[in-house]
């Protein structure tokens, strides 16, 4: 089994907070992803499905539906660039181009050195401060080339 004993024990406790096993799927997926270096392998999905008494296709469907879950290894740093209407109208495409230039990664990919994964995502709810991106869970708003260079330069 790809799920380790410590995680299974944690899931046993997690299930006590939900009326049925299926309800624990999303929090369990977050923990699996955290424990597996930021992505969820097919083996982990199958093991979690078995643990929660769900069809594997249901777990796969949830993992591939939500953008916060990854099915491939990712870089050390994750840059989620909002490209919804507000950000797009205020320069999201320029942000994408600059981030890709600085990191060496393309949208949906990881830089050759494995340091950055870049993704374009839907609305992050920061429309009044567009354009923006999320770097390792922290929002950075009102971006321009200078701010992007400073932000990404600090994590290199």
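Annotations for the structure displayed:
- Check on residue 143, assigned by TED's automatic domain parsing to the domain that holds residue 95, at pLDDT 95 or above and within 22 Å of residue 72 (Cβ to Cβ): no
- Pairing each residue of region 130-156 that is at positive phi with any residue that is assigned to a helix (DSSP H, G or I) and surrounded by 12 or more Cβ atoms within 10 Å (Cβ to Cβ), provided the two are 6+ apart or on different chains, yields C-beta distances under 7 Å for 142/129.
- Residue check, residue 99 under 16 Å from the mean Cα position of the chain (by Cα) and not assigned by TED's automatic domain parsing to the domain that holds residue 60: no
- Filtered by the rule that a residue be closer than 18 Å to residue 89 by Cα, within 15 Å of the chain's Cα centre (by Cα) and in a loop (DSSP other than H, G, I, E, B), region 115-131 gives 122, 123, 124.
- Those residues of region 9-46 which are more than 26 Å from residue 108 (Cα to Cα) and either part of a helix (DSSP H, G or I) or within 22 Å of the chain's Cα centre (by Cα) (or both), in sequence order: 9, 10, 11, 12, 13, 14, 15, 21, 22, 23, 24
- Every residue from region 108-122 that is surrounded by 14 or more Cβ atoms within 10 Å (Cβ to Cβ), in contact (Cβ under 8 Å) with a residue 24 or more places away in the chain and either out of contact with any helix residue (DSSP H, G or I) (no Cβ under 6 Å at 6 or more places or on another chain) or not assigned by TED's automatic domain parsing to the domain that holds residue 85 (or both): 110, 115, 117, 119, 120, 121
The values are calculated or read from the model by the stated rules, or taken from the named source; none is laboratory data. Just so we're clear, the structure is a prediction, and the values are computed from it rather than from any experiment. Note that we place each Cβ from the backbone using ideal geometry, even for glycine, and neighbour counts take in every protein chain shown.
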